[in-house]
Each structure stands twice: as structure tokens, then as C-alpha cells.
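A short reminder: the numbers here are calculations on the coordinates, not readings from a lab. Quantities reported herein were computed from a predicted structural model and do not represent experimental measurements. Cβ sites come from the backbone with ideal geometry, for glycine too, and all protein chains shown count toward neighbours.
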Amino acid sequence: MRGRRLVRAVKRVGLYTAASLFTIFAVFPFYWMFLTSFKQNRDLYVGATNLRHIPWIFNEPPTLEHVQLLFAGTPYLIWLKNTAFIGALVVLITLVIAAPAGYSLARLTGRWGERLGIGIFLTYLVPPTLLFLPFSRVINVLGLPNTPWALVLVYPTFTIPFCTWLMMGFFRSIPRDIEEQAMIDGYSRLAVIGKVVLPLAVSGLLTVTIFAFTLVMQEFVYALTFISSVDKMTVSLGVPVALVRGDVFYWGSLMAACLITSVPIAVVYNLFIDRFIAGLTSGAVKG
Amino acid sequence: MALRKDVRVDAAPAVAFRHATLADREDLLGRIMLTPALVYVIVLVGLPFALAILLSFSAASAGSLALSWVGVENFATIIRDSQFQRAVLNTVFFTVTSQILVTVMAVAAANVLDAAFAGKRAMRFLILLPWAAPVSLASMAWTWIFDSTFSVINWTLKVFGLLEGWLYWFGDPALAMIAIISVHVWRTFPFATVIVLAGMAAIPQDINEAALIDGASFWRKLFQVNLPLLLPIVTVSVLFGVVFTSTDLSIVWLLTRGGPYNSTHVLSSLAFQRGIMGADLGQGAAIALFLLPVLVIVATVMLRMARRAEVGV
């Protein structure tokens with residue numbers, strides 16, 4: 001009896017240890033961003049060979065100097081504005097194209113629609129690595145290099161396949177009976193979509209909006225390929241590429257930019273991750 | 001005839017008696033609603049994809065718009081290129097190593113998160129942060145963590161007496177590869193964890209209980225009951241992982257730019273260096289195309305799994 005209690009206690013300790021280790025591993029870089037953002041330079045730039053100076057804590061009072069520099073002395077706000085502009089347009093394009101396609105695949109096209117849906121989803125797997133070279137040619141021909149329009153055009157290539165797939169799942173989860181009842185009541189299919197289906201799919205549309213927007217905020221490769229002027233960059237490109245003067249990194253401001261940008265995205269993303277995973281794995285796992 | 005067909009297809013007979021306008025022609029409506037998405041995907045994924053293949057067989061530079069056919073010359077050149085050979089090996093090593101680490105960690109973390117304990121929700125939230133944060137910004141944080149002068153990792157190792165000399169993380173090919181793999185594992189294990197967790201939730205509870213009643217030990221339960229049941233979902237997670245890892249450009253580019261001495265290039269970063277920085281689109285496209293077999297295999301396995309799930313319904 002005592003033996004079993006001991007085993008349980010050991011298991012408990014093991015569980016908490018494992019949980020702590022995973023969490024520390026995941027969070028440590030964010031903690032490091034936080035420390036760097038608010039440390040004074042003389043606390044920050046102490047060589048790691050000095051073992052008496054502990055880098056894990058504030059040895060001097062924290063400062064807002066780096067954050068102020070970020071907002072007042074760098075193009076960070078312009079990058080935020082560019083990102084918001086591109087993100088809003090991409091979300092709009094995605095919603096207008098992916099929502100009808102999702103409904104069509106869920107309800108109107110039957111068996112071959114299902115195959116087509118899987119086909120569209122598979123294009124999500126075609127990576128930027130295969131496409132950025134031909135895109136750079138296409139963007140050149142269209143005269144769009146170094147403009148936000150290049151990204152507005154290219155980003156839907158990954159948001160549309162994924163969001164079509166997600167919307168298909170949402171529309172499928174709406175009970176068929178509701179739609180059929182409305183049609184018996186004399187609505188046409190189109191009216192059913194507008195008056196019955198869309199109001200029920202608001203949470204789905206919201207999820208798609210969030211995902212398309214976060215995907216845009218996270219994208220780096222296409223932005224790196226197409227955008228070269230600092231004032232046209234998005235946040236995820238500008239911060240790593242342009243927050244450097246000569247060879248000098250302004251680590252305080254740089255980490256402040258990383259922290260201020262990542263944490264809100266991460267929080268919002270976290271709230272929606274389960275739907276995202278459900279969308280990604282449906283088809284492979286029943287249910 | 002038409003009438004009977006309508007009745008059979010649609011469960012709402014009332015519709016059949018009305019004059020069918022566009023708003024009711026389901027097949028037509030379906031096609032119209034699907035067309036924009038199809039057009040977008042075909043024009044902006046399908047055609048560029050074909051163009052990538054065309055580019056790889058031509059001498060194309062970023063400067064001019066001319067494409068001249070050179071046959072397999074690009075492929076012949078890169079296959080003899082030692083940097084390319086290194087990049088192939090690096091890509092394989094990077095993908096296989098990080099996928100093994102990610103899968104082991106994800107199954108472990110999912111088992112932790114499946115148990116009941118205080119602070120579970122908080123842990124789940126925190127563990128997901130690396131996947132949700134923009135990759136370029138997270139990579140910058142790691143660049144700073146691995147800094148040659150101020151690395152907190154070196155400091156910590158030294159304080160605990162684990163390090164004699166000094167680690168120049170991005171100055172040594174082996175260390176640079178370790179750094180790249182660590183960052184990638186850090187970033188993708190949360191994603192794999194959530195996928196595995198979703199799969200675990202789908203395993204019926206009574207199977208576990210039956211195994212317990214039969215007196216199965218923890219390890220036996222893990223290897224003979226849980227892992228086999230988890231296999232399909234782990235496969236899904238590995239498939240996505242392979243695609244994300246083998247084609248990843250951001251982390252390598254941001255951490256090392258392929259350095260030191262071009263020793264950490266993977267196919268994607270080499271394709272970027274040759275195709276965009278070096279303005280040799282043809283060669284860049286040829287390098288990137290070597291990733292195609294991986295993608296074809298992944299897509300085939302996924303299709304097969306999807307079909308099996310379909311049949312199982």
C-alpha cells in the first residue's frame with residue numbers, strides 16, 4: 001500500500017518536472033526578448049565571459065529607452081501600417097473567394113467536389129521554396145516588384161487553399177435540415193445561403209479572418225524576395241532585415257519589436273488553434 | 001423525367017415544382033461559386049509551378065525576361081557542384097534529425113498534457129507560443145541568444161562548469177547546424193504536440209481501461225496500446241513536419257545565411273542564394289526542384305490516408 005503511494009508520488013513529480021521542462025524550453029526565448037527589451041545598455045552588453053554578472057535578471061533598473069527608440073527612431077510603425085494594409089486586403093480576397101468555394105464543395109458539388117477539395121488543400125503543401133523563383137519572374141513582368149501589390153497578389157495562394165478547406169468543414173457542420181426547411185418554406189438556394197447559412201457561419205468566417213491575417217504577419221520568404229525598400233517592408237521582414245545600422249544590431253529595440261509583435265499574434269492564435277488543427281487533420285482522422 | 005430526378009436528388013420536393021432560376025440551379029451555382037478559387041489556384045499556383053520547371057531547363061537571369069532553352073545543363077552543373085551536394089546532405093540530415101526529435105518530444109508533451117494536473121491550461125498556452133510567433137522574429141531572438149560575445153547559453157554552461165573554452169555558435173559548421181536544428185525543433189514541436197493531442201482525444205477511453213484491468217504495465221500500455229493507436233495521427237504530424245522542414249528557408253537564412261563558408265546551406269537557402277541573390281533563376285529553380293520528390297511522396301501518402309478515412313465512413 002505504501003509502495004503504491006510512493007509510485008504515485010514519483011509519477012506526480014515526474015509529471016510536473018516534464019511539464020516544467022517543456023514550458024521553460026518553449027518560453028525561454030520570449031523571456032529573453034522581454035529582458036533585452038527593458039535592460040539598460042550597460043546591463044545588456046556585458047560579455048558572457050564575466051561570470052559574476054548574471055544575465056538572467058535585471059542588474060540595473062529597467063528602462064523604456066529601447067521601446068522609445070523603436071517607435072520614434074525606426075520605421076517600425078510604418079511596417080505595422082504596411083502589414084495591416086496588406087493583411088486587410090488579403091483577408092478580404094480570401095473571404096470573398098474561399099467562403100463560396102467552401103460552401104460549394106460542402107453542399108453543391110457532391111462526390112467530385114470532395115476530391116476537388118482535397119486537391120485544393122494539397123496545393124497548400126506546395127511550399128514557397130518552389131514558387132518564389134517563378135513568382136519573382138511573374139512579379140517582374142507585371143511591374144510589381146517592391147510594391148505591396150506583389151504580396152497582396154501572392155499571399156492568397158496559401159490563404160485560399162487552406163481557408164477553403166476550413167470553410168468547407170464549417171459549412172458541413174451546419175445541419176442540412178435547417179437549409180432544407182428554409183427551401184421548403186420557399187427560399188431559393190441563394191437566399192438560403194445569404195439568410196440562413198452565413199449567419200450560422202460567422203464563427204467560421206472569423207476563424208478564417210484570424211488565420212489569413214496571422215499567416216500574412218508570419219510570412220517572411222516572399223516578402224524577402226519581392227520587397228527591397230525599407231519603407232515598403234512588413235513587420236516580419238523589416239525587423240530582422242532593417243533594424244541594423246551598418247553591422248551594429250540594436251538588440252534592445254530589436255527584441256522590443258519582436259516582443260510587441262509576437263505576443264499579441266501568439267495570444268490570438270492560441271485561442272483559435274484547435275479549430276486550425278481540426279481543419280488540418282480532418283480527412284486523416286475521422287470525427 | 002426532370003421532375004423525378006429533382007425529387008430524387010433533393011430532399012425538398014417543393015423546389016421541384018418551382019421554375020428553376022439561377023438561384024436554384026444547384027449544379028450551376030456550385031460551379032460559379034467554386035470557379036474563382038479554382039482560377040486563383042490554377043493561375044497562381046499551377047502556372048508558376050509549371051514555370052518553375054520551365055525555368056530549370058533554361059538560362060534565365062533576373063535582369064532580362066528572355067528564356068533560352070538549355071536542356072539539362074542547369075541540372076548537370078549543380079549535380080557536380082560540391083555546395084549543392086552538401087546542401088542535399090544538410091537537407092536530409094536537418095529534416096530527419098529534427099523530425100525524430102520533434103516526434104519524440106511531441107508524443108511526450110502530449111502525454112503530459114493528457115494527464116490531469118494544476119496549471120495544465122497555462123502550460124498548453126505557453127507551449128504553443130513558439131509556433132504562433134512569427135518565425136522571422138523568433139529567429140532573431142535566437143540569433144541574439146547564440147551571439148558570439150553575449151550568448152546566455154555560454155554563460156550558463158560556464159557557470160555550471162560544463163564549458164571549458166568558448167562556443168562560437170555560428171562560426172563552426174557543426175555548432176551552426178545544432179543551432180539551426182534546435183530553433184526548428186523549438187518552433188515545430190508545439191504544432192506536432194497539438195496534432196498528437198487531438199489524436200489522443202479520439203482514442204476511446206475504454207481501451208485504456210481495459211488494458212489497465214488486464215494488468216498492463218505503463219510501458220506495455222504505451223508500446224502495445226497507445227502508440228499503435230496513435231500511429232495514424234503521428235504520421236499526419238510527421239508528413240506536415242517533413243514538408244515544413246525540408247522546404248524551410250527562413251530559419252537557415254536568418255540564423256546563418258548558409259554560413260560559415262556555405263556549410264549549412266539547405267536546398268531552399270541555396271536556391272535563394274543562387275536564384276535571387278545571384279540572379280541565376282534557372283539554376284535556383286533547378287535546385288529547388290530537387291525537393292519535388294519529397295512533396296510528391298508526402299502528397300501520395302496523404303491522399304491514401306484521406307481515401308482510407310473516406311472508405312471507413
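In this structure the amide hydrogen of B:GLY259, modeled in the peptide plane, comes within under 5 Å of the amide hydrogens of B:THR264, none closer than 5 places in sequence on its chain.
Between the stretch A:174-191 and the stretch B:259-306, the C-alpha centres lie 48 angstrom from each other.
Between B:ARG25 and B:LEU54, the C-beta separation translates, for a Förster distance of 41 Å, into a calculated FRET efficiency of about 0.55. The alpha-carbon of A:LYS195 sits under 19 angstrom from the alpha-carbons of these aspartates and glutamates, leaving out residues fewer than 8 places away in its chain: A:ASP177, A:GLU179, A:GLU180, A:ASP185, B:ASP24, B:GLU26. Shape call for the protein assembly as shown from the C-alpha gyration tensor, a ≥ b ≥ c root eigenvalues: rounded (a/c under 1.5), prolate (a/b greater than b/c) or oblate? Judged from the Cα gyration tensor, the protein assembly as shown comes out oblate (a/c at least 1.5, b/c at or above a/b). Short-range pairs are left out: with C-alpha atoms under 8 Å and at least six residues apart, the relative contact order of the stretch A:154-287 is 26 percent.
Based on DSSP H segments of at least four residues, each scored -39500 (n - 2.57), the protein assembly as shown has a per-residue ellipticity at 222 nm of -22500 deg cm²/dmol. Amide H contacts of B:GLY171: none lie under 5 Å away among residues 5 or more positions distant or on a separate chain (H built 1.01 Å from N in the peptide plane; Pro and chain starts excluded).
In which sequence would A:LYS195, B:LYS120, A:LYS232, A:LYS39 go, from the one with the fewest C-beta neighbours within 10 Å to the one with the most? If you can, show how the numbers build up before the last one.
Working: A:LYS195 11, B:LYS120 14, A:LYS232 20, A:LYS39 25.
Sorted ascending by nearby Cβ count, the order is A:LYS195, B:LYS120, A:LYS232, A:LYS39.
Our coupling estimate for the stretch A:114-125, obtained by passing each phi through the Karplus curve with A = 6.51, B = -1.76, C = 1.60 and θ = phi - 60°, is 4, 4, 4, x, 4, x, 5, 5, 4, 5, 4, 7 Hz, Gly and Pro reported as x. Between B:VAL96 and A:THR147, the simple label model (points 7 Å from Cα in the Cβ direction) yields a spacing of 4.7 nm.
Given contacts defined as C-alpha pairs under 8 Å and at least six residues apart, what's the relative contact order of chain B, whole-number percent?
Numbers: 299 pairs, mean separation 82.8, N = 313.
It comes to 26 percent, rounded to a whole number.
Modelled spin-label separation between A:ILE78 and B:LEU163, with each label point placed 7 Å from Cα along the Cα-to-Cβ direction: 3.8 nm. For the stretch B:149-156, backbone phi angles converted through the Karplus equation (6.51, -1.76, 1.60; θ = phi - 60°) give residue-by-residue couplings of 9, 10, 4, 5, 5, 4, 4, 5 Hz, Gly and Pro being listed as x.
Can you compute the FRET efficiency between A:ILE24 and B:ALA118 using 1/(1 + (r/R0)^6), with r the Cβ-Cβ distance and R0 = 25 Å? Round to the nearest 0.05.
On the way: r = 17 Å, r/R0 = 0.68.
The computed FRET efficiency comes out at 0.90.
For B:SER58, the residues 5 or more places off, or on other chains, whose built amide H falls under 5 Å of its own are B:VAL70. Here the Karplus relation 6.51 cos²θ - 1.76 cosθ + 1.60, evaluated at θ = phi - 60°, turns the backbone of the stretch A:216-227 into coupling constants of 5, 5, 8, 5, 10, 5, 5, 4, 4, 6, 9, 10 Hz, with x for every Gly and Pro. Just list whichever of B:LYS120/B:LYS221; A:LYS11/B:LYS221; A:LYS11/B:LYS120 have alpha carbons separated by over 18 Å in the model shown. Among B:LYS120/B:LYS221; A:LYS11/B:LYS221; A:LYS11/B:LYS120, the Cα-Cα distance tops 18 Å for B:LYS120/B:LYS221.
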